[in-house]
Amino acid sequence: MKAGDISIMKEDYELIEMFFSRSDEAISHTADKYNNYCYSIAYGILKSHEDSEECVNDTFMNAWNSIPPKRPDKLSCFLGKITRNNALNIYEKNHAAKRGKGQVSIALSELAECVDMNSSIESENERKEIREVLNKFLRSQNEQRRNIFIQRYWYLLSIKEIALQQDMNQNQIKSVLYQMRNELKKRLQKEELF
(Lines give C-alpha, C1' and ligand atoms only; values in the text may rest on other atoms or scores of the structure.)
Protein backbone atom coordinates (compact mmCIF):
# COMPACT_ATOMS: atom_id res chain seq x y z
CA MET A 1 0.00 0.00 0.00
CA LYS A 2 1.36 3.41 -0.96
CA ALA A 3 1.72 6.33 1.46
CA GLY A 4 -0.86 8.29 -0.59
CA ASP A 5 -3.38 5.46 -0.19
CA ILE A 6 -2.89 5.44 3.59
CA SER A 7 -3.36 9.21 3.68
CA ILE A 8 -6.62 8.95 1.71
CA MET A 9 -7.87 6.14 3.96
CA LYS A 10 -7.08 8.20 7.06
CA GLU A 11 -8.83 11.25 5.60
CA ASP A 12 -11.88 9.16 4.68
CA TYR A 13 -11.91 7.53 8.12
CA GLU A 14 -11.96 11.00 9.69
CA LEU A 15 -14.82 12.06 7.41
CA ILE A 16 -16.83 8.96 8.32
CA GLU A 17 -16.23 9.64 12.01
CA MET A 18 -17.58 13.18 11.48
CA PHE A 19 -20.80 11.65 10.09
CA PHE A 20 -21.03 9.29 13.06
CA SER A 21 -20.59 12.15 15.52
CA ARG A 22 -23.20 14.13 13.49
CA SER A 23 -20.76 16.99 13.01
CA ASP A 24 -22.19 19.94 11.08
CA GLU A 25 -18.99 19.98 9.01
CA ALA A 26 -19.24 16.39 7.76
CA ILE A 27 -21.07 17.27 4.56
CA SER A 28 -19.02 20.35 3.72
CA HIS A 29 -15.67 18.56 4.22
CA THR A 30 -16.88 15.57 2.21
CA ALA A 31 -18.09 17.90 -0.55
CA ASP A 32 -14.72 19.68 -0.58
CA LYS A 33 -12.99 16.38 -1.24
CA TYR A 34 -15.49 14.52 -3.43
CA ASN A 35 -17.61 17.13 -5.22
CA ASN A 36 -15.69 16.95 -8.52
CA TYR A 37 -15.63 13.14 -8.47
CA CYS A 38 -19.38 12.89 -7.86
CA TYR A 39 -20.14 15.65 -10.36
CA SER A 40 -18.21 13.83 -13.11
CA ILE A 41 -20.27 10.67 -12.52
CA ALA A 42 -23.56 12.60 -12.52
CA TYR A 43 -22.69 14.70 -15.58
CA GLY A 44 -21.62 11.59 -17.51
CA ILE A 45 -25.17 10.29 -17.15
CA LEU A 46 -27.25 13.46 -17.13
CA LYS A 47 -25.34 15.81 -19.49
CA SER A 48 -26.88 18.72 -17.61
CA HIS A 49 -25.02 21.02 -15.21
CA GLU A 50 -28.14 21.89 -13.23
CA ASP A 51 -29.31 18.28 -12.85
CA SER A 52 -25.78 17.14 -12.01
CA GLU A 53 -25.42 19.74 -9.27
CA GLU A 54 -28.80 18.69 -7.83
CA CYS A 55 -27.72 15.06 -7.99
CA VAL A 56 -24.45 15.74 -6.14
CA ASN A 57 -26.24 17.72 -3.44
CA ASP A 58 -28.63 14.80 -3.02
CA THR A 59 -25.65 12.45 -2.80
CA PHE A 60 -24.20 14.25 0.21
CA MET A 61 -27.61 14.37 1.90
CA ASN A 62 -28.09 10.65 1.22
CA ALA A 63 -24.67 10.01 2.75
CA TRP A 64 -25.71 12.04 5.83
CA ASN A 65 -28.86 9.94 6.13
CA SER A 66 -27.00 6.63 5.59
CA ILE A 67 -23.95 7.15 7.83
CA PRO A 68 -24.69 5.95 10.48
CA PRO A 69 -25.73 3.15 10.56
CA LYS A 70 -23.68 2.24 7.48
CA ARG A 71 -19.91 2.44 7.75
CA PRO A 72 -18.51 2.38 4.21
CA ASP A 73 -15.23 0.54 3.62
CA LYS A 74 -14.30 2.94 0.84
CA LEU A 75 -15.97 6.34 0.96
CA SER A 76 -15.29 7.18 -2.70
CA CYS A 77 -17.05 3.99 -3.88
CA PHE A 78 -19.92 4.57 -1.46
CA LEU A 79 -20.45 8.14 -2.72
CA GLY A 80 -19.96 7.07 -6.35
CA LYS A 81 -22.68 4.44 -6.04
CA ILE A 82 -25.10 6.90 -4.43
CA THR A 83 -24.35 9.48 -7.12
CA ARG A 84 -24.85 6.99 -9.93
CA ASN A 85 -28.16 5.78 -8.49
CA ASN A 86 -29.37 9.36 -7.96
CA ALA A 87 -28.36 10.30 -11.51
CA LEU A 88 -30.15 7.28 -12.96
CA ASN A 89 -33.28 8.21 -11.00
CA ILE A 90 -33.14 11.80 -12.28
CA TYR A 91 -32.49 10.54 -15.80
CA GLU A 92 -35.44 8.15 -15.55
CA LYS A 93 -37.71 10.95 -14.33
CA ASN A 94 -36.55 13.35 -17.05
CA HIS A 95 -36.88 10.81 -19.85
CA ALA A 96 -39.97 8.87 -18.78
CA ALA A 97 -41.82 9.96 -21.91
CA LYS A 98 -38.90 9.27 -24.23
CA ARG A 99 -38.17 5.58 -23.61
CA GLY A 100 -35.41 4.05 -25.71
CA LYS A 101 -33.48 7.26 -26.34
CA GLY A 102 -30.17 8.36 -24.90
CA GLN A 103 -27.06 6.53 -23.70
CA VAL A 104 -28.55 5.30 -20.44
CA SER A 105 -31.35 3.41 -22.13
CA ILE A 106 -29.05 2.09 -24.85
CA ALA A 107 -26.37 0.92 -22.42
CA LEU A 108 -28.88 -0.72 -20.10
CA SER A 109 -30.60 -2.49 -22.99
CA GLU A 110 -27.18 -3.82 -24.14
CA LEU A 111 -26.47 -5.13 -20.65
CA ALA A 112 -29.91 -6.74 -20.52
CA GLU A 113 -28.59 -9.22 -23.11
CA CYS A 114 -26.59 -10.92 -20.35
CA VAL A 115 -28.25 -9.80 -17.10
CA ASP A 116 -32.01 -9.99 -16.67
CA MET A 117 -32.83 -6.37 -15.83
CA ASN A 118 -36.58 -6.91 -15.54
CA SER A 119 -36.86 -9.68 -12.98
CA SER A 120 -36.65 -8.80 -9.34
CA ILE A 121 -33.85 -10.71 -7.71
CA GLU A 122 -35.47 -12.59 -4.88
CA SER A 123 -32.80 -12.59 -2.24
CA GLU A 124 -29.75 -10.72 -1.06
CA ASN A 125 -27.83 -13.98 -1.60
CA GLU A 126 -28.66 -13.98 -5.31
CA ARG A 127 -27.56 -10.35 -5.62
CA LYS A 128 -24.29 -11.22 -3.89
CA GLU A 129 -23.74 -14.21 -6.18
CA ILE A 130 -24.27 -12.07 -9.29
CA ARG A 131 -21.99 -9.37 -7.89
CA GLU A 132 -19.28 -11.97 -7.19
CA VAL A 133 -19.52 -13.44 -10.70
CA LEU A 134 -19.36 -9.96 -12.21
CA ASN A 135 -16.36 -8.98 -10.08
CA LYS A 136 -14.50 -12.22 -10.95
CA PHE A 137 -15.35 -11.68 -14.59
CA LEU A 138 -13.99 -8.13 -14.58
CA ARG A 139 -10.84 -9.15 -12.69
CA SER A 140 -10.17 -11.81 -15.33
CA GLN A 141 -10.12 -9.18 -18.09
CA ASN A 142 -7.10 -7.16 -19.10
CA GLU A 143 -7.09 -3.55 -17.89
CA GLN A 144 -8.25 -2.05 -21.18
CA ARG A 145 -11.23 -4.40 -21.57
CA ARG A 146 -12.20 -3.91 -17.92
CA ASN A 147 -12.03 -0.12 -18.33
CA ILE A 148 -14.14 -0.22 -21.50
CA PHE A 149 -16.81 -2.31 -19.73
CA ILE A 150 -16.87 -0.02 -16.68
CA GLN A 151 -16.92 3.13 -18.81
CA ARG A 152 -19.93 1.82 -20.70
CA TYR A 153 -21.98 0.16 -17.99
CA TRP A 154 -21.01 2.04 -14.82
CA TYR A 155 -20.26 5.54 -16.09
CA LEU A 156 -22.64 5.10 -19.07
CA LEU A 157 -20.34 6.80 -21.56
CA SER A 158 -21.20 6.71 -25.24
CA ILE A 159 -19.29 4.43 -27.62
CA LYS A 160 -17.76 7.54 -29.18
CA GLU A 161 -16.53 8.87 -25.81
CA ILE A 162 -15.00 5.51 -24.92
CA ALA A 163 -13.32 5.22 -28.32
CA LEU A 164 -11.73 8.65 -27.85
CA GLN A 165 -10.51 7.82 -24.35
CA GLN A 166 -9.19 4.38 -25.34
CA ASP A 167 -7.64 5.59 -28.62
CA MET A 168 -9.66 3.01 -30.57
CA ASN A 169 -12.32 3.24 -33.24
CA GLN A 170 -16.00 2.86 -32.41
CA ASN A 171 -16.32 -0.52 -34.15
CA GLN A 172 -13.51 -1.92 -32.00
CA ILE A 173 -15.27 -0.71 -28.86
CA LYS A 174 -18.58 -2.23 -29.99
CA SER A 175 -16.81 -5.52 -30.72
CA VAL A 176 -15.09 -5.65 -27.33
CA LEU A 177 -18.36 -4.90 -25.52
CA TYR A 178 -20.25 -7.51 -27.55
CA GLN A 179 -17.62 -10.17 -26.76
CA MET A 180 -17.60 -9.25 -23.07
CA ARG A 181 -21.39 -9.36 -22.78
CA ASN A 182 -21.40 -12.84 -24.34
CA GLU A 183 -18.63 -14.03 -22.00
CA LEU A 184 -20.48 -12.64 -18.99
CA LYS A 185 -23.72 -14.25 -20.10
CA LYS A 186 -21.99 -17.64 -20.38
CA ARG A 187 -20.52 -17.27 -16.89
CA LEU A 188 -23.90 -16.34 -15.44
CA GLN A 189 -25.52 -19.29 -17.22
CA LYS A 190 -22.82 -21.62 -15.91
CA GLU A 191 -23.60 -20.43 -12.38
CA GLU A 192 -27.34 -20.74 -13.15
CA LEU A 193 -27.85 -17.04 -12.51
CA PHE A 194 -29.29 -16.21 -15.95
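Which numbered condition trips up Asn36, out of (1) at pLDDT 95 or above; (2) closer than 14 Å to Tyr155 by Cβ; (3) open to solvent by 90 Å² or more (accessible area, probe 1.4 Å)?
(2)
May I ask you to list the residues in region 149-184 that are surrounded by 15 or more Cβ atoms within 10 Å (Cβ to Cβ) and either touching a strand residue (DSSP E or B) at 6+ places or on another chain (Cβ under 9 Å) or among the β-branched types (Val, Ile, Thr) (or both)?
Once the filter is applied, which keeps residues that are surrounded by 15 or more Cβ atoms within 10 Å (Cβ to Cβ) and either touching a strand residue (DSSP E or B) at 6+ places or on another chain (Cβ under 9 Å) or among the β-branched types (Val, Ile, Thr) (or both), region 149-184 yields Ile159, Ile162, Ile173, Val176.
Tell me whether region 181-194 contains one or more residues that are of a type in the set (A, V, I, L, M, F, W, C) and either closer than 23 Å to Ser40 by Cβ or in contact with a Gly (Cβ under 9 Å, 6 or more places away or on another chain) (or both). Talk me through it step by step, then tell me what you get.
Of region 181-194, the ones of a type in the set (A, V, I, L, M, F, W, C) are 184, 188, 193-194.
Okay, now just the ones that are also either closer than 23 Å to Ser40 by Cβ or in contact with a Gly (Cβ under 9 Å, 6 or more places away or on another chain) (or both), so none.
Within region 181-194 (the criterion being of a type in the set (A, V, I, L, M, F, W, C) and either closer than 23 Å to Ser40 by Cβ or in contact with a Gly (Cβ under 9 Å, 6 or more places away or on another chain) (or both)), the answer is no, since none of the residues qualifies.
For Ala107, indicate whether it is touching a Phe, Trp or Tyr at 6+ places or on another chain (Cβ under 7 Å), surrounded by 19 or more Cβ atoms within 10 Å (Cβ to Cβ), of a type in the set (A, V, I, L, M, F, W, C) and modelled with pLDDT under 90. Talk me through it step by step, then tell me what you get.
On the way: touching a Phe, Trp or Tyr at 6+ places or on another chain (Cβ under 7 Å): yes; surrounded by 19 or more Cβ atoms within 10 Å (Cβ to Cβ): yes; of a type in the set (A, V, I, L, M, F, W, C): yes; modelled with pLDDT under 90: yes.
The answer is yes for Ala107.
Pick from Glu92, Glu53: which is open to solvent by 60 Å² or more (accessible area, probe 1.4 Å), modelled with pLDDT of 85 or more and acidic (Asp, Glu)?
Glu53
Which of the residues that make up region 63-78 are surrounded by fewer than 17 Cβ atoms within 10 Å (Cβ to Cβ) and closer than 29 Å to Arg152 by Cβ? Outline the logic, then answer.
First pass over region 63-78, keeping only residues surrounded by fewer than 17 Cβ atoms within 10 Å (Cβ to Cβ): 64-66, 68-71, 73-74, 76-77.
Scanning region 63-78 gives Ser66, Lys70, Asp73, Lys74, Ser76, Cys77.
Which residues, counting only those in region 141-194, are modelled with pLDDT under 90, closer than 23 Å to Glu129 by Cβ and not in a helix (DSSP H, G or I)?
Trp154, Glu191, Glu192, Leu193, Phe194
Step by step: first the residues of region 132-148, then only those that are open to solvent by less than 30 Å² (accessible area, probe 1.4 Å) and of a type in the set (A, V, I, L, M), then the one that is farthest from Leu184 (Cα to Cα). Which residue is that?
Ile148
The values are calculated or read from the model by the stated rules, or taken from the named source; none is laboratory data. Please read these numbers as outputs of a predicted model, since none were measured by experiment. Don't worry about glycine lacking a Cβ; one is built from the backbone with ideal geometry, like all the others, and counts go over all protein chains shown. The accessibility values were calculated without ligands, DNA or RNA, using every heavy atom of the protein model including side chains. Shrake-Rupley method; radii C 1.70, N 1.55, O 1.52, S 1.80 Å.
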